[in-house]
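*Asks:* A single structure is presented below for examination.
The values are calculated or read from the model by the stated rules, or taken from the named source; none is laboratory data. Computed from a prediction, not measured in an experiment: that's the story for all the values here. When we count neighbours, we look across all protein chains shown, and the Cβ atoms used for this are built from the backbone with ideal geometry, even at glycine.
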Amino acid sequence: MPIHLLPEEVASQIAAGEVVERPASVVKELIENALDAHARQIVVRVENAGRRAIEVADDGDGIPQSELALAVMRHATSKLQTAEDLFRIATLGFRGEALASIASVSHFSLVSRPAHQSVAARIRVDGGKIGTVEVVGAPVGTLVRVEDLFFNVPARLKFLKRDQTERQQIDALVTRYALAYPQVRFQLFHDGTPIFQTTGNGNRREVLAQLYDVEISRQMLEVEYEDEMVSVSGFTSPVGLTRSNRKEITFFVNGRWVQDTALSTALLQAYHTLLMVGRYPMAILFINLHPEEVDVNVHPTKAEVRFRNPDRVFSAVSRAVRRSLMISNPVPSVVPPSVWQRPLSTPQIDPAWEMSRQAQNLWTTSEQTGETTVSPTPENLPQATQSPLPSGVLPLLRLVGQVAMAYLVAEGPDGLYLIDQHAAHERVLFERFIQKKGEGIPAQALLEPALVHLSPSQARLLEDEVDTLNRLGFHIEPFGPSTFRVSAIPALLSGADPVQAVRAVVEDFEEDETPLQSEVEARLIARICKRTAVKAGQVLSPEEQRALLRDLEACQSPRTCPHGRPTMIHLSADLLERQFGRKGAR
């Protein structure tokens with residue numbers, strides 16, 4: 001094929017593929033244009049998850065009638081004059097590609113009126129074909145309507161996710177920009193239903209309360225830091241408020257939402273040694289620095305940035321968050337040495353102590369069976385091994401006690417068992433749910449109905465699963481925007497917090513739930529059991545410990561929790577005898 005210039009229509013669609021990935025991309029570009037136009041109110045209306053229509057209206061500066069046709073052309077912008085301006089960008093948009101790209105893959109209309117004009121003007125673009133400018137009546141500001149997105153690019157339309165996913169993407173985008181610009185009043189509607197709105201009074205914590213709930217908003221820690229180059233502000237969660245993934249970590253750089261792995265690493269470094277493995281904080285941080293210190297022209301959708309002095313920025317983020325954590329959670333005082341340690345003043349080393357020291361082990365767990373084996377370090381010591389843990393039901397166990405408020409110690413006919421109380425209780429609750437599911441899970445009415453307030457994206461997740469939850473013994477019904485009323489919970493969860501049980505459906509999505517993806521009810525039950533099971537750090541009475549052991553013994557799969565994590569470690573009597581030198585190598 002000879003070299004040739006692409007038709008303008010094809011070139012526009014190629015450019016649109018870089019800028020407009022999904023309906024949320026359209027919403028993002030239009031919101032950023034409205035913010036650049038100094039809007040004080042932004043209204044987003046979405047129909048059929050953005051497939052049918054997306055409409056964004058603002059009360060910003062507007063576009064003069066004489067410039068309306070130019071505004072929908074590629075590389076037309078009012079924000080750049082020279083190439084040098086690329087290195088000191090102070091606006092969210094600057095390339096002049098967004099409107100042209102959106103208009104090339106949709107039926108597009110733009111109505112705008114500056115304050116100095118008595119009437120507004122409208123222009124239509126159908127699949128990149130620009131129409132004529134018309135005079136219409138409209139208030140000051142701009143209204144952009146995008147209909148039938150990707151109507152002329154069926155391949156792109158086919159790769160859109162299900163409506164629920166696309167709505168969640170839009171919800172997350174609007175709520176984050178509402179947090180970044182609390183002085184702007186945001187309103188979001190899906191198919192005519194109000195989903196989210198803010199007052200625009202400039203109070204970020206008030207927006208937090210609408211996004212999550214009042215309790216989470218109250219717990220979030222304020223972050224404030226500034227030096228001669230960079231300032232960091234926003235909110236971060238205390239160590240007791242975490243998630244199982246990084247979805248609730250958000251960064252804005254000079255008012256622009258960015259996704260930067262290095263910034264996330266800097267944030268997590270501030271929590272070093274404070275969080276359990278696999279847990280992540282909630283945070284929304286706003287980083288401001290001189291425009292010349294950051295390059296925003298490094299990604300087609302402007303989702304990434306490059307810092308001139310990255311170490312300085314990352315250090316500022318980590319230092320700012322760590323300082324907030326230390327103020328709310330002071331470093332504990334040094335505790336005296338444990339009474340179990342060998343006294344340092346002992347004049348001679350006990351031979352038995354020396355033998356124990358030399359026989360220190362490397363604990364390894366078999367990925368297939370969850371087995372624990374011990375490998376002595378010196379080669380001349382006897383190889384301590386144990387036979388695999390027998391499959392099937394557990395033997396009868398005799399309770400010894402609780403260790404570290406997290407593990408039960410029990411004796412069986414074949415050795416010692418260390419049991420994770422949280423994982424074990426998860427398994428017990430899960431099998432009870434599964435057993436009762438076929439018979440009909442009895443519900444227990446609450447004395448006072450509980451209200452659960454969720455973010456818009458979480459509310460949509462819960463809406464999808466309400467019928468399933470009601471079959472599992474819950475009684476849940478919508479009770480206003482992003483709010484649900486819980487009037488009953490399964491009797492199996494008697495005494496549990498109904499709000500936490502419902503939140504488990506939409507929070508802390510497990511990374512290892514793949515085996516349950518085809519079983520919606522089992523997946524939901526596993527999440528609920530994880531949230532309502534006893535936790536590490538919870539002291540159990542001897543009666544509660546014995547009851548948990550008996551219940552675990554009765555389970556069909558007592559070795560693992562519903563997510564696949566082992567519930568116990570087995571140390572055989574033979575292994576113990578070898579470790580204490582009572583038996584040699586065979």
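*Asks:* Quick one: which of A100, A121 is modelled with pLDDT of 90 or more and touching a Ser or Thr at 6+ places or on another chain (Cβ under 9 Å)? Even if it seems obvious, please write down each step before you answer.
*Replies:* Values: A100 fails: modelled with pLDDT of 90 or more.
Step by step, each of A100, A121 is checked, and only A121 is modelled with pLDDT of 90 or more and touching a Ser or Thr at 6+ places or on another chain (Cβ under 9 Å).
*Asks:* Here is a follow-up. Let me confirm something: among F484, F433, which residue is free of Cβ contacts under 8 Å to residues at least 40 places away in the same chain, in contact with a strand residue (DSSP E or B) (Cβ under 8 Å, 6 or more places away or on another chain) and hydrophobic (A, V, I, L, M, F, W, C)?
*Replies:* Numbers: F433 fails: free of Cβ contacts under 8 Å to residues at least 40 places away in the same chain.
None of the other options fit; the residue is F484.
*Asks:* Right, here's the next one. Could you list all residues from the stretch 163-182 that are under 17 Å from R52 (Cα atoms) and free of Cβ contacts under 8 Å to residues at least 40 places away in the same chain?
*Replies:* Within the stretch 163-182, just T165 meets the criteria.
*Asks:* Picking from I441, I419, which residue would you name as being touching a residue at least 12 places away in the same chain (Cβ under 8 Å) and over 21 Å from R559 (Cα atoms)? Can you show your working first?
*Replies:* Numbers: I419 fails: over 21 Å from R559 (Cα atoms).
After applying the criteria, what remains is I441.
*Asks:* Could you tell me whether the stretch 576-586 includes any residue that is surrounded by fewer than 19 Cβ atoms within 10 Å (Cβ to Cβ), touching a helix residue (DSSP H, G or I) at 6+ places or on another chain (Cβ under 7 Å) and modelled with pLDDT under 80?
*Replies:* yes
*Asks:* Also, I was wondering about something else. Checking the conditions here, which among F479, F484 is surrounded by fewer than 20 Cβ atoms within 10 Å (Cβ to Cβ), within 27 Å of I170 (Cα to Cα) and either in the same structural domain as A404 (by TED's automatic domain parsing) or at pLDDT 80 or above (or both)?
*Replies:* Working: F484 fails: surrounded by fewer than 20 Cβ atoms within 10 Å (Cβ to Cβ).
Going through F479, F484 in turn, the sole match is F479.
*Asks:* Filter the stretch 460-476 down to the residues that are without any contact (Cβ under 8 Å) to a residue 40 or more places away in the chain and farther than 17 Å from P490 by Cα and list them by number. So that I can check it myself, show each step before the final result.
*Replies:* Keep residues of the stretch 460-476 that are without any contact (Cβ under 8 Å) to a residue 40 or more places away in the chain, which gives 463, 466-467, 470, 473-476.
E463, the sole residue that qualifies.
*Asks:* Which of (1) surrounded by fewer than 18 Cβ atoms within 10 Å (Cβ to Cβ); (2) modelled with pLDDT of 95 or more does V43 not meet, given it meets every other one?
*Replies:* (1)
*Asks:* Then there's this: Could you check the stretch 243-296 for strands (runs of 3 or more DSSP E) lying wholly inside it with 1 or more residues that are modelled with pLDDT under 90? Give the derivation first.
*Replies:* On the way: elements: 249-253, 256-258, 283-289.
Answer list for the stretch 243-296: 256-258.
*Asks:* Restricted to the stretch 535-562, and to residues that are surrounded by fewer than 19 Cβ atoms within 10 Å (Cβ to Cβ) and within 12 Å of H422 (Cβ to Cβ), which residue is modelled with the highest pLDDT?
*Replies:* Among them, the one singled out is L540.
*Asks:* For the structure I just gave you, tell me whether V258 is among the β-branched types (V, I, T) and more than 18 Å from the chain's Cα centre (by Cα).
*Replies:* Spelling it out, it is not the case that V258 is among the β-branched types (V, I, T) and more than 18 Å from the chain's Cα centre (by Cα).
*Asks:* Could you check, for the stretch 210-224, whether at least one of its residues is closer than 27 Å to V26 by Cα and among the hydrophobic types (A, V, I, L, M, F, W, C)?
*Replies:* Yes, that holds for at least one residue.
*Asks:* Here are L446, L469, L462: which of them is outside the structural domain of L241 (by TED's automatic domain parsing), under 30 Å from T175 (Cα atoms) and surrounded by fewer than 21 Cβ atoms within 10 Å (Cβ to Cβ)?
*Replies:* Numbers: L446 fails: under 30 Å from T175 (Cα atoms); L469 fails: surrounded by fewer than 21 Cβ atoms within 10 Å (Cβ to Cβ).
Just one listed residue meets the conditions, L462.
*Asks:* Looking at F150, is it modelled with pLDDT under 85 and under 39 Å from the mean Cα position of the chain (by Cα)? First the steps, then the outcome.
*Replies:* Working: modelled with pLDDT under 85: no; under 39 Å from the mean Cα position of the chain (by Cα): yes.
Judged against the criteria, F150 is not a match.
*Asks:* Please state which of the following conditions P182 fails to meet, knowing it meets all the rest: (1) modelled with pLDDT of 90 or more; (2) surrounded by fewer than 17 Cβ atoms within 10 Å (Cβ to Cβ).
*Replies:* (2)
*Asks:* Of all the residues that make up the stretch 75-97, how many are small (G, A, S) and either closer than 16 Å to V298 by Cα or at pLDDT below 70 (or both)? It would help to see each step written out before you state the result.
*Replies:* To start, the set of residues in the stretch 75-97 that are small (G, A, S) comprises 76, 78, 83, 90, 93, 96.
Add one more test, that the residue is either closer than 16 Å to V298 by Cα or at pLDDT below 70 (or both), and what stays is 83, 90, 93, 96.
The number of residues fulfilling the criteria is 4.
*Asks:* Is it the case, given these coordinates, that V133 is farther than 20 Å from V56 by Cα, surrounded by fewer than 18 Cβ atoms within 10 Å (Cβ to Cβ) and of a type in the set (A, V, I, L, M)?
*Replies:* On the way: farther than 20 Å from V56 by Cα: no; surrounded by fewer than 18 Cβ atoms within 10 Å (Cβ to Cβ): yes; of a type in the set (A, V, I, L, M): yes.
The answer is no for V133.
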